[in-house]
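S.K.: Questions regarding the structure given below will be posed in turn.
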Amino acid sequence: MAGRKILVTGGNRGIGLSIARALVEAGHDVVVTNRSGEAPEGLRAVQCEVTDTASVDQAFAAAEEILGGPVEVLVANAGITKDTLLMRMSDEDFDSVLDTNLAGAFRCARRAVKGMIRARHGRIIFISSVVGLYGSPGQTNYASSKSGLVGLARSISRELGGRGITANVVAPGFIETDMTAALPDDRKQTYLATIPAGRFGQADEVAATVRFLAGDDAAYITGAVIPVDGGLGMGH
Ligand code: NDP
């Protein structure tokens, strides 16, 4: 398989870091984005704030300089949560999560397709969540942002499928990372009871699915929502 030029947003830790490492192991040329600090060991990084269009554009320019050409595969992974019950959720709680998770992914995809259209090849992989289609109390902002990625991917698939570009959504369930470590224990136990696999997932299990979607074997998969959730969202 030909190694591709790949940008992973939020690839400095958590699921994004596992994805970046799996793609490097598969022979791809990978750059990750981070917002501050050092690049993770063994990876090249560019600074990017996904809520800022100018920062996204600068990050792509810097990544393309490092990669020696346009980004061929975008993994839009950067995301945040600001959980609270609907009645208590402020406009800022809602807007900031949508701006990061949905509009941030849109900004990256819009920039990425410029090179992909010229190359008549591209892969866009959005990291959504099981709760995008399943729903989750206390996460109206987050679930809205994550289901929005489905409409984004499917519209890109219809708009640019004829140019050799695919856009897919990976929907992880409960994966052990910093994001989920912050949840209260009772909430974790409630989730665990509903997961058919009987355990939480690992970041490298999400990474394996992304690696498949980025590879040549996935050329005819587009507009799909692929769960990596131990069966939690089955049927949704
Ligand atoms: P982490 O909180 O561990 O990492 C989030 C990453 O996103 C960090 O690299 C962070 O950068 C980056 N990021 C956040 N906001 C911005 C921003 N405005 N601009 C640029 N980068 C940003 O999360 P996970 O690894 O757990 O999650 C990764 C993705 O997977 C997210 O989209 C999340 O919603 C999704 N997901 C996670 C699940 C889980 O169980 N963990 C389940 C389902 C989906 P920085 O280090 O600078 O903060």
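The values are calculated or read from the model by the stated rules, or taken from the named source; none is laboratory data. Here the structure is a predicted model, which is why all the values come from computation and not from measurement. As a convention, Cβ positions derive from the backbone with ideal geometry for all residues, glycine included, and neighbour counts pool all protein chains shown.
S.K.: Among (1) touching a residue at least 60 places away in the same chain (Cβ under 8 Å); (2) more than 14 Å from residue 170 (Cβ to Cβ); (3) not in a loop (DSSP other than H, G, I, E, B); (4) not aliphatic (A, V, I, L, M), there is one condition residue 236 misses while meeting the rest; what is its number?
M.R.: (3)
S.K.: Right, residue 107: among the charged types (D, E, K, R), in contact (Cβ under 8 Å) with a residue 40 or more places away in the chain and over 21 Å from residue 11 (Cα atoms) or not? Give the derivation first.
M.R.: On the way: among the charged types (D, E, K, R): yes; in contact (Cβ under 8 Å) with a residue 40 or more places away in the chain: yes; over 21 Å from residue 11 (Cα atoms): no.
Taking the combined requirement at face value, the residue does not satisfy it.
S.K.: Name the pairs whose Cβ atoms lie under 6 Å apart, with the first residue in the range 5-18 and free of Cβ contacts under 8 Å to residues at least 24 places away in the same chain, the second within 6 Å of the ligand (Cβ to nearest atom), and 6 or more positions between them or separate chains?
M.R.: If the second residue must be within 6 Å of the ligand (Cβ to nearest atom), no pairs are left.
S.K.: Going by what's in this entry, would residue 92 be described as free of Cβ contacts under 8 Å to residues at least 24 places away in the same chain and assigned to a helix (DSSP H, G or I)?
M.R.: Values: free of Cβ contacts under 8 Å to residues at least 24 places away in the same chain: yes; assigned to a helix (DSSP H, G or I): yes.
Yes, satisfied.
S.K.: Regarding residue 124, is this residue at pLDDT 95 or above, under 21 Å from residue 17 (Cα atoms) and in contact with a Leu (Cβ under 9 Å, 6 or more places away or on another chain)?
M.R.: Against the criterion (at pLDDT 95 or above, under 21 Å from residue 17 (Cα atoms) and in contact with a Leu (Cβ under 9 Å, 6 or more places away or on another chain)), residue 124 qualifies.
S.K.: So which residues in the range 182-198 are assigned to a helix (DSSP H, G or I), of a type outside the set (S, T, N, Q) and modelled with pLDDT of 85 or more?
M.R.: 185, 186, 188, 192, 193
S.K.: Of 218, 207, which residue is crowded, with 17+ Cβ neighbours inside 10 Å and under 14 Å from the mean Cα position of the chain (by Cα)? Break it down into steps so the answer makes sense when it comes.
M.R.: Details: 218 fails: under 14 Å from the mean Cα position of the chain (by Cα).
Among 218, 207, only 207 is crowded, with 17+ Cβ neighbours inside 10 Å and under 14 Å from the mean Cα position of the chain (by Cα).
S.K.: Do you know which of the residues in the range 114-145 that are near the ligand (Cβ under 9 Å from one of its atoms) and not in a helix (DSSP H, G or I) is farthest from residue 228 (Cα to Cα)?
M.R.: 126
S.K.: While we're looking at this one, here's another question. Which residues, taken from the range 79-121, are exposed (fewer than 15 other Cβ atoms within 10 Å of the Cβ), in contact with a Gly (Cβ under 7 Å, 6 or more places away or on another chain) and aliphatic (A, V, I, L, M)?
M.R.: 85, the sole residue that qualifies.
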